[in-house]
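What follows is a short report on a single structure.
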Amino acid sequence: MISAENSDLLTVRQTAELKGCSVRYIQQLCKNGKIPYILQKTEKNRDKFMIPVSELPDTLKAKYYSEIRKKNEEKCQEKKPKKIKNAEKSENMRDFEELSEEERQRVNFWCGLLDEWQVRREEFEKKTEFDANFIGECRLRYRDIQISTAILYRKFSAYKRHDFDGILGKRGGHNRGRTAIPEPVWNAFLWYWLDENKPSASLCYRNTIAWAKEFYPELLEEIPSERTFLRHIKSDVPESLKILMRDGEKAFSDRCMPYIMRMYDELSANDCWIADNHTLDIQSVDEENKIHRLYLTAFLDAKSGVLTGWNVTDKPSSQSTILALRHGIMRFGIPHCIYVDNGREFLTNDIGGKGNRTRKNSETSGENPPTILQKLGIEMRNATVRNAKAKPIERTFCTLKNQFSKLFSGFCGGKISERPESLKKRIKSGKIPRDFEVREILETWIDGDYNLQKYGGNENEFKGLSRIEVWNKTCKSVKMTTESDLNLMLMRTTKVQKIKRNGVCISVCGEKLWYMNPLETVDNIGREVYVRYDPADLRKARIYDGNSDRYLFTWELADVLMVDYLTKKKEEISDAEEFIKMTKKMVKKKAEGISEGLSDKQKISLLDMNVRRAMAEKDEKFIINMPKKIVAVMADEKINDEKNEEENRTAVVIDLRKMGRNAKLRKG
């Protein structure tokens, strides 16, 4: 009997049994090349012929598969297929009794074939590979029927519904007018399509078909076309779900979540200024003939929309923020509050504090010096991190781009799709503007155009008025200061530091600058102070007490002490040494002046004065007062008086003079 376990290759003996001849005859055919074969090694390392089934004649193939079928029918009787849940029967489906005799035979045939397919299919891990082999086997066994993967899946789907017309191939009865997608298939499609990588619907549709072949082959007949899936995406998938799954949570929050509507009725001009930075969409040339893009730091009045103050810079920084704030205060007064995001150019220690960037491990135990905003009486409020709705000034920057930046020949756009094709030619021909031209034109455009445009807020009472007219109408009070006081309050402040031998230092662009006064520095070494300075004038710095915020000194830049390590200029070293000597002389002179008020008699040394003081104290205060009660302390040994007297009587008296005379006589 032919083994079904190795159905791809047959041994010589199995082929001989299938053909009904001797083994030697088959071996001879293989040696003569009349039957294709494959050589394999036995356990004893001998060659044996293995004959592929696909190379046999059709009659032998049919006989082989017929025997395989008999064996599978026996297996089907031993192992029943898993039960299939009955689907709801449609009204237009016929019962088995309503079928003709021929139709009943065809139904029984297909039901038996489908049962055999399901039983054998469970033995394979890769179901789709088995399906292809099973269909090829059926085509050889049954030459008079038409079978394919789609037909097999379609008939199995009808078999589960007990739809005999579907098994017989009479389509259009059970699902006429229905375009619904099977729920498991639709869920699988959404699993692929609702992904942040945004795959196309066509790719997801093809993957869904492959997924259904693996897990739900009976549903393949019910899967509609790709166009149906596209239609259901538009009608059945909520837009919010599409944005959340394909665009991300931030896009979902910005485009779908409800937002807080801020009311401006109780707000007045100068109550709140909004600050932010914007990259100008203009290619310009700096003083060194380098092409770059300038940045704008601007303050916008929340009530009227007026641009109060601004500064154009090469790079956003905290100093640019201070210059823009100073510009606005000199024009419109001091605001009550400023609203900024969480950029480092706004959240620095000396401007307004760290805001949302504050960390526990970065907080010092002592109090920090007052910030610039605290000295000006301005409250700082910070926007929530990654909150696009909290920056209404972005609309102003959009207007700036469309109405100002596009006027220049160096307009480059905010993204590559906005860049003009002729920009490269303009750059080569030198037709792009210079930095000073952009600054001058921007200043004129803001006050001469933007601030005079119509108010764009939600308050109807100001409709028809310009932005500056709204500011003039709603500004109730203004806090002003002189230019000198403003410059003093806008000075940058360092953290608390101790005065060192070289004084105090500040850091500007990564470089340390030292400030000192020879005598005042030496007298206050180790004292805790903080430094206030004007970045526009680094020649001097003001020193304040670190505890009481009291002004102490104004020190000049000690640039004479800053010498290059490999300097070849002897003058620089000699000047630094002369400065050090001068400091030493000043300290010595101060030390000499301490004893000028003492006479020669009064200049008593420390040792002499200490001895005098000790003698006076000894004579005056060192007195021993014995108490009235005295306790005698005796030795433990007893003294024998009689024995001592006897020893005294018998003691030998030594005459030293006589001993001397006798010694001289012995010598000669």
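The values are calculated or read from the model by the stated rules, or taken from the named source; none is laboratory data. If you're wondering where the values come from, they're calculated on a predicted model, not measured in any experiment. Here the Cβ positions follow ideal geometry from the backbone for every residue, glycine too, while neighbour counts run over all protein chains shown.
Miscellaneous remarks
- Top-ranked residue in segment 26-66 [being of a type in the set (Asp, Glu) and modelled with pLDDT under 75; ranked as surrounded by the most Cβ atoms within 10 Å (Cβ to Cβ)]: 58
- Pairs linking a residue in segment 508-532 that is more than 17 Å from residue 350 (Cβ to Cβ) to a residue that is charged (D, E, K, R) and surrounded by fewer than 15 Cβ atoms within 10 Å (Cβ to Cβ), with Cβ atoms under 6 Å and 6 or more positions apart or on different chains, are 526/498.
- If you go through segment 407-417 and keep only what is modelled with pLDDT of 90 or more and exposed (fewer than 14 other Cβ atoms within 10 Å of the Cβ), you end up with just 407.
- Filtered residue count, segment 134-157, keeping only those that are within 18 Å of residue 213 (Cβ to Cβ) and surrounded by 14 or more Cβ atoms within 10 Å (Cβ to Cβ): 12
- Just one of the numbered conditions (1) over 25 Å from residue 161 (Cβ atoms); (2) at pLDDT below 75; (3) in a loop (DSSP other than H, G, I, E, B) is not true of residue 82: (1).
- Qualifying positions in segment 483-506 - without any contact (Cβ under 8 Å) to a residue 60 or more places away in the chain and over 15 Å from residue 542 (Cα atoms): 500, 501, 502
- So residue 160, is it out of contact with any His (no Cβ under 6 Å at 6 or more places or on another chain), exposed (fewer than 13 other Cβ atoms within 10 Å of the Cβ) and among the basic types (Lys, Arg): no
- Boolean, residue 250 is outside the structural domain of residue 324 (by TED's automatic domain parsing) and over 30 Å from residue 403 (Cβ atoms): no
- Which listed residue is under 27 Å from residue 161 (Cβ atoms) and in a helix (DSSP H, G or I), from 235, 253: 235
- Only listed residue being assigned to a helix (DSSP H, G or I) and either modelled with pLDDT under 80 or over 30 Å from residue 55 (Cα atoms) (or both), chosen from 120, 154: 154
- Residue match in segment 314-323 (condition: more than 30 Å from the chain's Cα centre (by Cα) and either more than 20 Å from residue 457 (Cα to Cα) or in contact (Cβ under 8 Å) with a residue 40 or more places away in the chain (or both)): yes
- Candidate set from segment 193-236 (those that are in contact with a helix residue (DSSP H, G or I) (Cβ under 7 Å, 6 or more places away or on another chain) and aliphatic (A, V, I, L, M)); member that is farthest from residue 128 (Cα to Cα): 233
- Filter result for the condition that a residue is on the phi < 0 side of the Ramachandran plot, among the hydrophobic types (A, V, I, L, M, F, W, C) and touching a helix residue (DSSP H, G or I) at 6+ places or on another chain (Cβ under 6 Å), over 480, 489: 489
- Filtering segment 502-514 to residues that are surrounded by 12 or more Cβ atoms within 10 Å (Cβ to Cβ) and at negative phi leaves 502, 504, 505, 506, 508, 513, 514.
- Residue list for segment 287-304, restricted to those being in a loop (DSSP other than H, G, I, E, B) and either outside the structural domain of residue 330 (by TED's automatic domain parsing) or more than 17 Å from residue 272 (Cβ to Cβ) (or both): 287, 288, 289, 290, 293, 294
- Reported count of residues in segment 438-468, each being in contact (Cβ under 8 Å) with a residue 60 or more places away in the chain, among the charged types (D, E, K, R) and farther than 19 Å from residue 327 by Cα, is 1.
- Checking each residue in segment 496-533 for being basic (Lys, Arg), at pLDDT below 85 and part of a loop (DSSP other than H, G, I, E, B) picks out only 501.
- Within segment 391-409, residues that are free of Cβ contacts under 8 Å to residues at least 40 places away in the same chain reach partners that are in a helix (DSSP H, G or I) with beta carbons closer than 6 Å, at six or more positions or on different chains, in the pairs 409/426.
- Conditions (1) closer than 24 Å to residue 415 by Cβ; (2) part of a strand (DSSP E or B); number of the one not met by residue 275: (1)
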